[in-house]
1. What order do F56, F12, F41 take when sorted by accessible area (1.4 Å probe), most exposed first?
2. Pop out the carbon and sulfur fraction of the accessible area of the chain as a percent, whole number, probe 1.4 Å.
3. Before I look further, what does the chain give for accessible area per residue, probe 1.4 Å, in whole square angstrom?
4. Give me a comma-separated list of calculated 3J(HN,Hα) values for the range 50-55, in order, Karplus coefficients 6.51, -1.76, 1.60 applied at θ = phi - 60°, integers in Hz, x for any Gly or Pro.
5. Mind giving me the nanometre distance, one decimal, between the label points for V46 and K30, set 7 Å out from Cα along Cα→Cβ?
6. Can you tell me what percent of all Cα-Cα pairs in the chain are more than 12 Å apart?
7. Once phi is turned into ³J(HN,Hα) by the Karplus curve 6.51 cos²θ - 1.76 cosθ + 1.60 with θ = phi - 60°, what whole-Hz value does each residue of the range 21-36 show in order, with x for glycine and proline?
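The values are calculated or read from the model by the stated rules, or taken from the named source; none is laboratory data. Not measured: the values here are computed from a predicted model. Cβ placement follows ideal geometry from the backbone for every residue including glycine, while neighbour counts extend to all protein chains displayed. Ligands, DNA and RNA are stripped out before the accessible areas are found, and what is left, the full protein with its side chains, is counted by its heavy atoms. Shrake-Rupley method; radii C 1.70, N 1.55, O 1.52, S 1.80 Å.
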Amino acid sequence: MLDSLADYPRWFVVLCGTIVLAAAIWVAMKLLKWTLWLLIFGVVVVGLASAAWLFFR
């Protein structure tokens, strides 16, 4: 696979690699953002449910 990249100019290979890596980091950041929001929501729901259960017990 790397032999086929030898046909292209080095600057083009580096540019494409940079764009792909930047896109992968952007997607990872978006996934982490949604994961953190879900975690915060889960903590709030579990905390409120626990407090309500203890209050009415």
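1. On the way: F56 165, F12 80, F41 135 Å².
Result, largest first: F56, F41, F12.
2. On the way: 4540 of 5660 Å².
On the chain, the fraction of accessible area on carbon and sulfur atoms equals 80 percent.
3. Values: 5660 Å² over 57 residues.
In whole numbers, the chain has 99 Å² accessible per residue.
4. 5, 5, 5, 5, 5, 5
5. Between V46 and K30, the simple spin-label model gives 2.8 nm.
6. Summing the P(r) tail past 12 Å for the chain gives 76 percent.
7. Karplus values, whole Hz, x for Gly and Pro: 5, 5, 5, 5, 5, 4, 5, 4, 5, 5, 5, 5, 4, 5, 5, 5.
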